[in-house]
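Just so it is clear, none of the values below were taken in a lab; they were calculated from the coordinates. Here the structure is a predicted model, which means the values were calculated and not measured. Virtual Cβ from ideal backbone geometry, glycine too; neighbours counted across all protein chains shown.
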Amino acid sequence: MTHTGLLRLVTLLALATAAAAETHDPRTITLGYLTEHADAVLTVTAGTETAVAADRWRVVFAIGDVLRGQVEGATLEIERGAMEKAYPVGTKYVAFLRRAEREEWTGWRPVTRSFGMRVLPAAGPETRFPGIVRDLASTLGEGPEVRDPARLRTLLVQGMADADAGIAWSSAMDFVRHTELHEGLSTEQRARILDAYRRQPIGKVTKRALAYAVAATRDPKAGDLLLESLQDPRARLIRGAVAEALRRLADPSVPGTVVRQLDGADAERRVHLLTVLGRLGAKIGAEAAVKHLDDPAPRVRLVAAHALGLTARAVHGDDPTAKVGGLAKLEAWLAVAKTENEISACLWALTQLDDPDAYDLVRAARDDERELVRRYAESYLRFPRQSLILR
């Protein structure tokens, strides 16, 4: 990612520059969400600020263009708290606002706090925000309800194909959030989303958002495309998102394809594919995970144990009486495990098998001469469904 590209993406997402104390679900900071949940959206220019309490200020803004809703007068007053950024005099914003009424004051507050005030510079992709917001607002009723789903779907598909990573991210997040738009995709629109994912480079959060959009298309080519992207040298940055996207896609052919691709794959790709199998939870994935419990690559063994445990949970959720293999290999591994990660992964996987013999092994491990084995055995016996966290 270039320096300029990073700055543009951060400007839209506000993920890297937001105050640590102000954290929000990323789905609530997209252009679509902010537009839908605002009583008014407009361009404004910051004026003077007045302190009204030790931790609260009010700023007078000059009103420019009204993009959604109705606002009377030439100015409005916005209140900010101590955890929100100051608004330098003369700075122009796209403001996504809600009415704020208290006994002593009537004014406005940004939607999603500071994320609802987007700086509007003189140049750059952010200058397109007002037009994008106006288009999004045209698809809505008076509130957040979508009045014209076909137009909104078209706008979001166009946005996902945008050359600017921030705009593509926002569109993908909004599209995934609007599940009612997924069924109406045309063949051409599905193809555009898949192509947008294919062209988006790894290294930007946009690639992960587009992975979920690809899954939402339910296109017959979606599974192959997502798996193909795991061949990229930087695939470690997206494998979690790809695995989750494939889980959402729920294509019954994918687990078998992943298992076949494991044969002949290098160690890094085996990690990617086993991560996918763990998220899919298909019984065929358990068999593949067991095969790699004694893989020559240490990292692959750890991921195989994780995949086996996750798959065992899923299999037993469908059939509590089902048998999942791996006990013998896990027992042999535990006997020679030396690192904390190996010991933790091995004991965690044993507890996920829900097998009496496996639990006997974990109980016996409480008397092991290795302190780490005793500690993790006790922990997993007390809380067998905790997540596996590797150090």
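Computed values, structure above
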{"item": "The stretch 268-364: C-alpha pair distances exceeding 15 Å, %", "result": "53"}
{"item": "Sites Lys338 and Met83, calculated FRET efficiency, Cβ-Cβ separation with R0 51 Å, nearest 0.05", "result": "0.65"}
{"item": "Stretchable slack from Glu142 to Ala191, in nm (0.36 nm times residue separation minus alpha-carbon distance)", "result": "14.4 nm"}
{"item": "Candidates per GluC sites (Glu not before Pro) in the stretch 144-186, loop by DSSP, up to 10 other Cβ within 10 Å", "result": "Glu145, Glu183"}
{"item": "At 1.002 mPa s and 20 °C, Stokes D of the stretch 323-391 from Kirkwood alpha-carbon radius, µm² per second", "result": "184"}
{"item": "CD proxy at 222 nm, helix term only [per DSSP H run n ≥ 4: -39500 (n - 2.57); per residue of the chain; nearest 500]", "result": "-15000 deg cm²/dmol"}
{"item": "Overall Cα dimensions of the stretch 35-186 - principal axes, largest extent first, Å", "result": "54, 34, 28"}
{"item": "Computed P(r) (all Cα pairs; the stretch 132-291; 5 Å bins; percent)", "result": "1, 10, 19, 20, 18, 12, 9, 6, 3, 2, 1, 0"}
{"item": "Burial ranking of peptide ranges 243-249, 265-271 (average Cβ count within 10 Å, highest at the top)", "result": "243-249, 265-271"}
{"item": "Quotient of C-alpha Rg and 2.2 N^0.38 Å, computed over the chain", "result": "1.20"}
{"item": "P(r), alpha carbons of the stretch 194-275 - 5 Å bins starting at zero, rounded %", "result": "3, 17, 31, 26, 17, 6, 0"}
{"item": "Sparsely packed trypsin sites (Lys or Arg not before Pro) within the stretch 74-140, loop by DSSP, other Cβ within 10 Å at most 12", "result": "none"}
{"item": "Degrees separating the helix 3-13 axis from the principal Cα axis of the chain, which is the longest one", "result": "80"}
{"item": "Most mobile of Arg109, Arg279, Arg56 in a GNM of the chain (Cα contacts under 10 Å)", "result": "Arg56"}
{"item": "Listed residues Trp348, Trp105, Trp333, most fluctuating in the chain (Gaussian network, C-alpha, under 10 Å)", "result": "Trp105"}
{"item": "Computed lengthening from Ala267 to Ser253, 0.36 nm per intervening residue step minus Cα-Cα distance", "result": "2.7 nm"}
{"item": "Within straight-line cross-link reach of Lys338, aspartates and glutamates at Cα separation under 13 Å, skipping those fewer than 8 residues along the same chain", "result": "Asp368, Glu369, Glu371"}
